[in-house]
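K.L.:
Got a structure for you, written out below as structure tokens; questions coming shortly.
The values are calculated or read from the model by the stated rules, or taken from the named source; none is laboratory data. From a predicted model like this one, the values you see are computed outputs, not experimental measurements. Quick reminder, even Gly has a Cβ in these numbers, built from the backbone with ideal geometry, and neighbours come from all protein chains shown.
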Amino acid sequence: MKKEITNSESRDEKLVTVAIHTYEKAQILKSILESEGIPAVIHGINLIEPTIAGSVRVRINEKDLPNALRVIEQVDFKSTDEKEDDEEKVKVINEVLIPVDFSDYSLLACEFGFRLADDLKCNVKLMHAFFTPFYPASIPFGDSLTLQSTDKDIYQDIKKNTETEMKNLIKRLEENISNGKFPKVSFTYTLVEGLPEEEIISYSKKIKPTAIVMGTRGKNAKDLDLIGSVTAEVMDGCRTPIFAVPEDSKVRNLTEVKRVVFLTNFQEREFKALDIMMKLLKPYHIEIILAHIAKKEDVWNEIKLSGFQKRLSELYPLLKVSYMLIDQTERLESTLEKYVKENNIDMISLSSSRRNIFARMFNPGIARKMLFHSNTPILVIKGM
């Protein structure tokens, strides 16, 4: 028997996002979860066009996560068409993409991104994704959605307000360019309807910008949904290098970065990631510290780090590079944050691979952990 989530249950229990799909796939997944006795709701439905791609989150009670993740691991929505899309040639654009939500930390991301674009001789593309928040808390499988004329008016108001917010942001950017706070860089913007993480990933697959710069709330933010965080989702699903800049970061642009720690697990893909990183950081005078975090000392780890340093020095003879074996005496994120503070690290960089949802929830990658526990900018690069 299906168990529906009542309004009182929704208030008492924390809902977490376990998947983001099209309307059809979200309904299918919701049905599968409920057939296993796991109550589920879908959020973010576009009431005008409920079937548009990337418009729905599937959410469940936090206590049901272990069982839900076990079920989800068995579901494969990857179609032949999607696989072909992944392999199709993309249009490479010399631009820096800056997703914005009109917050103060979006303006910080713009400052960082504009300076990066200026140094790399790129244009800037601003992107804001929005969707109507008018959806029911729970929609049983098979229910149809209708939109009243008043709701259409509300939707138009949301769109109009979004356009106004973007114009206000552009005005602030132009003022900062005029007074010399921002470099004079050519920029355009786009407003798209949909979930931000889906739209950013889709854009990067089609256009392949040089880099993405995203502002984050940093370690002092509260009530963050780890699985549903936009920046974390983009890190997991995007092949474009991503700079995550916390709102309390002391570093406002890459010219202020002097020491970068590159975290390594001695994977082959990391050499490709390092090559991409060096191209991005080529205009700057930096020191690279290769670091490996381990719970106990291992002579082989130091030998591998030494070999890694030697190879990097051969590839980049003018680069100042050293290595450090970090002893993990406490939680991973705490160990790394302590190292960053004690060694005056200005930015953390690492290669990231696609992780399944089970691994992300119960064994989160370093990038996702640091995203919520650090005020140090992070550069995440897919090495393959």
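K.L.:
Show me the helices (runs of 4 or more DSSP H) entirely contained within region 58-131 in which 2 or more residues are over 20 Å from the mean Cα position of the chain (by Cα), modelled with pLDDT of 80 or more and more than 28 Å from Ser186 (Cβ to Cβ).
P.N.:
Output list reads 65-72.
K.L.:
Restricting attention to region 196-205, does a residue exist that is among the basic types (Lys, Arg), assigned to a helix (DSSP H, G or I), surrounded by fewer than 16 Cβ atoms within 10 Å (Cβ to Cβ) and modelled with pLDDT of 75 or more? Let's see the steps before the verdict.
P.N.:
Taking region 196-205 as the starting set, the residues that turn out to be among the basic types (Lys, Arg) are 205.
So of that shortlist, the ones also assigned to a helix (DSSP H, G or I) come out as 205.
Retained after the next criterion (residues that are surrounded by fewer than 16 Cβ atoms within 10 Å (Cβ to Cβ)): none.
No, region 196-205 contains no residue that is among the basic types (Lys, Arg), assigned to a helix (DSSP H, G or I), surrounded by fewer than 16 Cβ atoms within 10 Å (Cβ to Cβ) and modelled with pLDDT of 75 or more.
K.L.:
Tell me which of these Glu165 doesn't satisfy, since it passes every other one: (1) modelled with pLDDT under 90; (2) surrounded by fewer than 18 Cβ atoms within 10 Å (Cβ to Cβ).
P.N.:
For Glu165, the exception is condition (1).
K.L.:
Just one of (1) part of a helix (DSSP H, G or I); (2) within 27 Å of the chain's Cα centre (by Cα); (3) exposed (fewer than 15 other Cβ atoms within 10 Å of the Cβ) trips up Met278, so point out which.
P.N.:
In the conditions (1) part of a helix (DSSP H, G or I); (2) within 27 Å of the chain's Cα centre (by Cα); (3) exposed (fewer than 15 other Cβ atoms within 10 Å of the Cβ), Met278 misses (3) alone.
K.L.:
Any idea which residue in region 232-271 is surrounded by the most Cβ atoms within 10 Å (Cβ to Cβ), counting only those that are among the polar types (S, T, N, Q), modelled with pLDDT of 85 or more and closer than 24 Å to Gln328 by Cα?
P.N.:
Thr264
K.L.:
If you don't mind, another one. Could you list, in sequence order, all residues of region 331-352 that are at pLDDT below 90 and surrounded by fewer than 13 Cβ atoms within 10 Å (Cβ to Cβ)?
P.N.:
Listed by number, the list holds a single entry, Arg331.
Conditions tested, residue by residue: (1) in a loop (DSSP other than H, G, I, E, B); (2) farther than 27 Å from Ala117 by Cβ.
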{"position": "His285", "(1), (2)": "yes, no"}
{"position": "Ile289", "(1), (2)": "no, no"}
{"position": "His292", "(1), (2)": "no, yes"}
{"position": "Ser306", "(1), (2)": "no, yes"}
{"position": "Arg311", "(1), (2)": "no, yes"}
{"position": "Glu314", "(1), (2)": "no, yes"}
{"position": "Tyr323", "(1), (2)": "no, yes"}
{"position": "Ile345", "(1), (2)": "yes, no"}
{"position": "Ser349", "(1), (2)": "no, no"}
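K.L.:
Out of (1) touching a strand residue (DSSP E or B) at 6+ places or on another chain (Cβ under 9 Å); (2) modelled with pLDDT under 95, the odd one out for Leu173 is which?
P.N.:
Looking at each condition in turn, Leu173 falls short on (2).
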